[in-house]
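Notes for the one structure printed next.
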Amino acid sequence: MYFLSISILSANIGINNNLRTVFKGMSDYKITLKPVYSGPALEIPKGVQLPEGWSLSWHQVETWQAIQDPGIDVIFNTAMTGDGKSLAAYLPVLQGECCAIGLYPTNELARDQDTQIRGYIAQFQPPNDPRVVRLSGAELEIYAENEGLRKGAAIASRTGQAEVLLTNPDLVHYLHRGAYLIPGDSPDKLWGRIDKDFNLFNIDEFHVLLAPQITSIINTMLLIRCTNRCKKFLFLSATPDIQLIERLEKAGFRCKIINPIEQNKYQFPDTPAQGQQLHSQGWRQILRPTSLSFIPLESGLNTAETWLREQRDLIVKQFQQYPGSKGAIVLNSIAAVKRVTPFLQEVLQPYGLTVGENTGLSGKTAKERSLTADLVVGTSTIDVGVDFKINFLIFESSDAGNFIQRLGRLGRHDGYESEGQLVRFETFTAYALVPKFLVERLFEGDSPPLVTNGCYQRPFFHNKISEMYRQINDFRGYYTRWGAVQSFWLFYQLGDRTIQQQYAESRERFR
């Protein structure tokens, strides 16, 4: 009996400790992030035509000028999330000046950008009325089958009908590697035409790309430079990869970094009155003030899922206390999403609230429907660059870039339209489900970088997250081991008998 009592007491202590951990995560690790305002351009460049009532930010004009500069090959735009990097990327297309390829790490982001670019075209009305084509592996399969074409012919057909091509880095690399050709085809049958027709290559959210993808992009850029020259490459990301920049400069590319933070083109007002003053001076609000709570979790496969089940009342309270709220839950595991979604549907259904699922395994219709739900539950398919109108966010993360990326989905809009009426958000609230060690590094110790109930500017906060989060293996050895194999294969193909004479000088430069 004595030993049994000790066991029960120990179990109760464990339960109480867990409850204290949850309570502490809900109260003791909470901060506020200040709103962010982006600085306006001092003047609009000559030749740029904007719709009535439109203006440009500083970084958008800087990007335009860098694209026009013949002395620059590669541009890195590091503007913060929500600051209109997509408009900066496609502004030359909207002026009727060039054709562009957009490379996106997820098909969901490409789909989101498709809608956004078509909206820009409708508003700008460029004289050439550019056509937008989205091309992924799945869409290529369907198109080829419906038209009775081989994949290579399908690619030639689709790309030949576009002034804006939206695809992914892998497909473009496979295309340059000759993966869609048949015996007897010239190695440049597909990429020769594409590299000549498109002047601007936009690589979006490149910080989420891994070493194999970065390697393929560098090799593709080298091949394009050696065979066509005079192409522009624009990398878009709020969290740039220094490794990539260093490797491109080592390869001889002339790079320019556009960094609004370094140029003091962001302001972080402390009061609404200060925000109003900035607005009257042409500054544009891109992120709203956000309440962020850190929830420290022990390591384990289902800890985030368990927390969500235990905190169902917190989710319900959000929608009851702030009617009209829209929320998102971003988890690392598809399996967890599959289990959590029906649970939350059952919890929220009595309140007339809808829950949608959005993962790599979700069908196209289910994905589109999920974005209109009151609460969407998903994985990285919804966190990489997709423009959400939400005021409530719960998210897991695996590294610093992942954390910053997912938090950046919140606070981008004042509200949303419903039946012709604007529903305004009252507050913006986020819960970060993070490893316990991260919370300890951020809030505990003799001089922690963050204090409970502190109020911080986003750049400072992002830097602390980057410093304190764990570093995941970035596989940098891939560049020298397998990157060279990729390079040699492209070099070898340039010596094919069908193009050997045509690309003799290009092959030597590439070698």
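Derivation of every value follows stated rules applied to the coordinates shown; laboratory data play no part. It should be emphasised that the depicted structure is a prediction, and the values quoted were computed from it without experimental measurement. Neighbour counts run over all protein chains shown; Cβ positions are idealised from the backbone, glycine included.
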Problem set entry | the chain: relative contact order in percent, alpha carbon pairs under 8 Å with at least 6 residues between | 21 percent
For this session: Treat each spin label as a single point 7 Å out from the Cα along the C-beta direction, and report the Y492 to K317 distance in nm.
Result: 6.3 nm
Seminar exercise, completed: The residues Y478, Y90, sorted from fewest to most surrounding Cβ atoms within 10 Å, come out as Y478, Y90
Seminar exercise, completed: Longest principal axis of the chain (C-alpha) makes with the long axis of helix 458-468 (C-alpha) an angle, in degrees to the nearest 10, of 80 degrees
Problem set entry | Amide H partners (placed H, <5 Å) of Q285, local residues excluded | S38
Problem set entry | Check: the range 136-295 dipole with +1 on Lys, Arg Cβ and -1 on Asp, Glu Cβ, in debye | 540 debye
For this session: Per residue of the range 409-414, in order, report the coupling 6.51 cos²θ - 1.76 cosθ + 1.60 (Karplus, θ = phi - 60°) as ³J(HN,Hα) in whole Hz, putting x for Gly and Pro.
Result: 6, 9, x, 8, 9, 6
For this session: Take peptides 28-41, 135-148 and line them up by average Cβ neighbours within 10 Å, highest first, as a rough protection proxy.
Result: 28-41, 135-148
Problem set entry | Rounded to 10°, Cα long-axis angle of helix 483-493 versus longest principal axis of the chain | 30 degrees
For this session: Sort E396, E467, E163 so the one with the fewest other Cβ atoms within 10 Å of its own Cβ comes first.
Result: E467, E163, E396
Problem set entry | Helical mean residue ellipticity (222 nm; -39500 (n - 2.57) per DSSP H run of 4+; nearest 500) of the chain | -13500 deg cm²/dmol
Exercise. Which whole-Hz ³J(HN,Hα) couplings does the range 109-122 yield from phi under the Karplus relation 6.51 cos²θ - 1.76 cosθ + 1.60, θ = phi - 60°, glycine and proline marked x?
Worked result: 5, 4, 5, 5, 5, 4, 4, 5, 5, 4, x, 4, 4, 5
Exercise. Can you list the residues, at least 5 places off or on another chain, whose amide H is less than 5 Å from the amide H of I203, using H built in the peptide plane?
Worked result: L103, L234, F235, L236
Problem set entry | Distant-in-sequence amide H partners of Y431 (H built 1.01 Å from N, under 5 Å) | S293, L393, I394, F395
Problem set entry | Sorted by Cβ neighbour density within 10 Å, fewest at the top, the residues K256, K232 | K256, K232
Problem set entry | Value of relative contact order over the range 80-221, rounded to a whole percent, pairs C-alpha under 8 Å and six or more apart | 34 percent
For this session: Note the angle between two axes, namely the Cα long axis of helix 334-348 and the longest principal axis of the Cα atoms of the chain, as a number of degrees from 0 to 90, rounded to the nearest 10.
Result: 50 degrees
Problem set entry | Rounded to 5, percent antiparallel among DSSP beta bridges of the chain | 20 percent
Exercise. Which whole-number percent gives the relative contact order of the range 84-141, counting Cα pairs below 8 Å spaced six or more residues apart?
Worked result: 40 percent
Exercise. From the Cα gyration tensor of the range 367-511, with a ≥ b ≥ c the square roots of its eigenvalues, which class applies: rounded if a/c is under 1.5, or else prolate if a/b is larger than b/c, or else oblate?
Worked result: oblate
Problem set entry | Protection proxy ranking of 114-120, 318-324 - average other beta-carbon atoms within 10 Å, highest first | 114-120, 318-324
For this session: Return one quarter of the surface area of the convex hull spanned by the alpha-carbon atoms of the range 37-149, equal to its mean projected area, in nm².
Result: 8.9 nm²
Problem set entry | Table column - 3J(HN,Hα) (Hz), the range 306-318, Karplus curve with 6.51, -1.76, 1.60, x for Gly and Pro | 4, 4, 4, 5, 6, 9, 4, 5, 4, 5, 4, 4, 4
